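**Q** What follows is a single structure, and I will ask about it in a moment.
Every number in this text was worked out from the coordinates using simple rules, so none of it is lab data. Note that the structure is a prediction, hence the values are computed from the model and not measured. With ideal geometry, Cβ positions are generated from the backbone for all residues, glycine too; neighbour counts draw on all protein chains shown.
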Amino acid sequence: MKILALEKEAPHTQLADFQPHLVDEAAKVYELYLAGVVRESYFNATDHTAVLILECAGVDEARLTVGSLPLVEAGLITFDLIPLVPYSGFSRLLQP
């Protein structure tokens, strides 16, 4: 199942709070990418927060996956997890 993961920064964090974890964060995301769990990764252009597309069995697995990220473990960020299903609206084009 595809899961959209949208990062939310913890309140009152500063850039300096993130610095010690950024290399480990990138390494973990890369590890998950190579494992086929992180399918796509982006930054939101407006607020520079992470946007991930995950391939997981469900939301519980996705929660465990993002929970393994160093910035999540450090309490600096959380993720909103949104399960995705295929768009079914095209079927309307085939109705008589």
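**Q** For LEU76, LEU94, LEU34, LEU22, what's the fewest-to-most ordering of other Cβ within 10 Å of each Cβ?
**A** By the 10 Å Cβ count, ascending, the order reads LEU94, LEU34, LEU22, LEU76.
**Q** Starting from the Cα of GLU9, step 7 Å toward the Cβ, then list every residue of the stretch 52-85 with an amide N under 18 Å from that point.
**A** Residues 52, 70-80 qualify, since their backbone N sits under 18 Å from the label point.
**Q** Tally Lys and Arg at +1 and Asp and Glu at -1 over the other residues with C-beta under 14 Å from the C-beta of VAL59: what net charge comes out?
**A** So the surrounding residues net to -2.
**Q** Tell me, what is the percent relative contact order of the chain, built from C-alpha pairs under 8 Å that lie six or more residues apart?
**A** 46 percent
**Q** Can you sort LYS8, LYS2, LYS28 so the residue with the fewest Cβ neighbours within 10 Å comes first? Write out the running numbers ahead of the final one.
**A** Working: LYS8 12, LYS2 15, LYS28 19.
Taking fewest neighbouring Cβ atoms as first place, the list is LYS8, LYS2, LYS28.
**Q** Where Lys and Arg each count +1 and Asp and Glu each count -1, what net charge lies around LYS8 among other residues with Cβ under 13 Å from its Cβ?
**A** Around LYS8, the surrounding residues sum to -4.
**Q** Can you give the Kirkwood hydrodynamic radius of the chain from its Cα pairs, in Å with one decimal?
**A** 14.5 Å
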